[in-house]
Amino acid sequence: MGQIDQLTDRLDALKKTIDVLSRKGETSQRLQTMPGVGPIAALAIETFAPPMETFKCGRDFAAWLGLVPLQKSTVKQRLGKTSKMGQRDIRRLLIVGAKAAVQWASRKRAPEGSWLARMMAKKPRILVAIALANKMARGIWAMLTKQEDYRYPAMVRA
């Protein structure tokens, strides 16, 4: 029992450190305004991602993370599976956050006519989560290059 208590205390101390660090940085605070991005993901992006100016567009950042589909075509565009050829840790954190957002939307019902509701009606949950993670990566690129907080789509605002 003593070892479990020690590990629990250590985990609590690490959680406090992560919370303090994520509140200090302007970038990590900005990133946490996006649904699905928590303190750990925000700190990981701030720490491990190169400056957003190195990417020409949001799709390039998503490709760097490995969140874009492979293109296996010469004439007619056919998209394959997600490449997974990028930064593994940030990609995983974005997918976990996207899965949480999809799960929340399936319970609370995503706003009618929204992108998420349309995707959830047609596609399997995991595919929707990967697509949402891709969309989140593009949004993160836009937020950090424009130095703005996350803006909810017009349909979602109440």
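The values are calculated or read from the model by the stated rules, or taken from the named source; none is laboratory data. All values reported here derive from a predicted model rather than from experimental measurement. Every residue, glycine among them, receives a Cβ derived from its backbone with ideal geometry; neighbour counts consider all protein chains shown.
In this structure, does Lys16 turn out to be surrounded by fewer than 11 Cβ atoms within 10 Å (Cβ to Cβ), within 17 Å of Met136 (Cα to Cα) and at pLDDT 90 or above? Steps first, please.
Values: surrounded by fewer than 11 Cβ atoms within 10 Å (Cβ to Cβ): yes; within 17 Å of Met136 (Cα to Cα): no; at pLDDT 90 or above: yes.
No, not satisfied.
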Does any residue of the stretch 107-126 turn out to be within 23 Å of Ala44 (Cα to Cα) and surrounded by fewer than 20 Cβ atoms within 10 Å (Cβ to Cβ)? yes
Residue count, the stretch 24-59, condition in contact (Cβ under 8 Å) with a residue 60 or more places away in the chain and surrounded by 14 or more Cβ atoms within 10 Å (Cβ to Cβ), comes to 13
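Would you say Gly66 is buried (at least 16 other Cβ atoms within 10 Å of the Cβ) and either modelled with pLDDT of 90 or more or over 27 Å from Leu21 (Cα atoms) (or both)? Don't jump to the end; show me each part of the working.
Values: buried (at least 16 other Cβ atoms within 10 Å of the Cβ): yes; either modelled with pLDDT of 90 or more or over 27 Å from Leu21 (Cα atoms) (or both): no.
For Gly66, the condition - buried (at least 16 other Cβ atoms within 10 Å of the Cβ) and either modelled with pLDDT of 90 or more or over 27 Å from Leu21 (Cα atoms) (or both) - is not met.
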